[in-house]
Amino acid sequence: MRNLAKIFVILVVMFSFCLRGLSAFEQWNNLSPEEARTIVKLLDDVYKYYIVFDTINHVDNPDRVSAATLTKQVFKEMEKKGWHSARLVSATDKALNKENMPKDEFEKDAVKALREGQAFYEKTEVIEGKRVYRAATPVPVVLKECKMCHPYLKDDEIMGALAYTLPLGQ
Ligand code: HEC
């Protein structure tokens, strides 16, 4: 009898963990713009901290892969997993890689707004019939080391943006 009670308790605990997993998954698929904004702010801090620390470490080894290239690789994997898509966008016409020039209206408007001093640019849009949340944050020339590879930029200039797209509840 006692063993049966134990098994019952274990089953209830296991079931409740499954439910918790499920509800977290459903929540992600039904994001509100406010939740999407919080996620973007969290991701943005993570990406920017490692970009800065990785760049500082470049001082000794300029031949290493740039933080920009690394970040683009991570973006690709994040997109494959369905978490979000993101682009590193140039805010000047001096992009090292032309692929990083603003592509659509959102990216062009975002870069303009960020260069004019806006700290965060966001919009909800419908793309291919799906509601999405889009946000862009500024990438300034934060360190003198940035100019090792981007020599034509001014100090503190907004040289780029990180542009995120997350799916919203329909
Ligand atoms: C070791 C060289 C190197 C350093 C240092 C470096 N970058 Fe870059 N950066 C690159 C390369 C290479 C690309 C193009 C990567 C690609 O698209 O694959 C790039 C691309 C960019 C872009 C997209 C626009 C463009 O030029 O294509 C931004 C924005 C950017 N870097 C910001 C920064 C910032 C901010 C820093 C300093 C924190 C920095 N970079 C330091 C090499 C560097």
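Computed from the coordinates by the stated procedures, all read-outs in this text should not be read as laboratory data. Note that the structure is a prediction, hence the values are computed from the model and not measured. Counting neighbours? That spans all protein chains shown, and the Cβs are built from the backbone with ideal geometry, glycine included.
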Open item on the list: Give me the percent relative contact order of the range 31-167, please, defined on Cα pairs under 8 angstrom at least 6 residues apart.
Closed with: 27
- [ ] Could you list which residues have their amide H under 5 Å from that of Leu31, counting only those 5 or more apart in sequence or on another chain, with H placed in the peptide plane?
- [x] Gly169
TODO: Please compute the net charge surrounding Pro33, taking Lys and Arg as +1 and Asp and Glu as -1 over other residues with Cβ under 12 Å from its Cβ.
DONE: 0
Task: FRET efficiency estimate (nearest 0.05) - Cβ-Cβ, Asn97 to Tyr49, R0 22 angstrom - done: 0.45
Open item on the list: Given the range 19-170, report the % of alpha carbon pairs whose separation exceeds 25 Å.
Closed with: 31
- [ ] Report, by chain and number, residues whose modeled amide H sits under 5 Å from the one on His84, excluding near sequence neighbours (fewer than 5 apart, same chain).
- [x] Glu79
Task: Amide H contacts under 5 Å for Met101, placed H, 5+ residues apart - done: Ser90
TODO: Calculate I(q)/I(0) for the range 54-99 by the Debye formula, one identical point scatterer on each C-alpha and no solvent, and give its log10 at q = 0.24 Å⁻¹ to two decimals.
DONE: -0.94
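Between Thr124 and Val142, what is 0.36 nm times their sequence separation minus the Cα-Cα distance? Round to one decimal in nm.
3.6 nm
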Task: Label-point separation, Cys149 to Lys108 (7 Å along Cα→Cβ), nm - done: 2.8
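Please give the FRET efficiency for Asn30 paired with Val74, using the beta carbon to beta carbon distance and R0 = 25 Å, rounded to the nearest 0.05.
Between Asn30 and Val74 the formula returns 0.50.
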Open item on the list: Between the range 104-145 and the range 154-170, what is the separation of their alpha carbon centroids in Å?
Closed with: 4
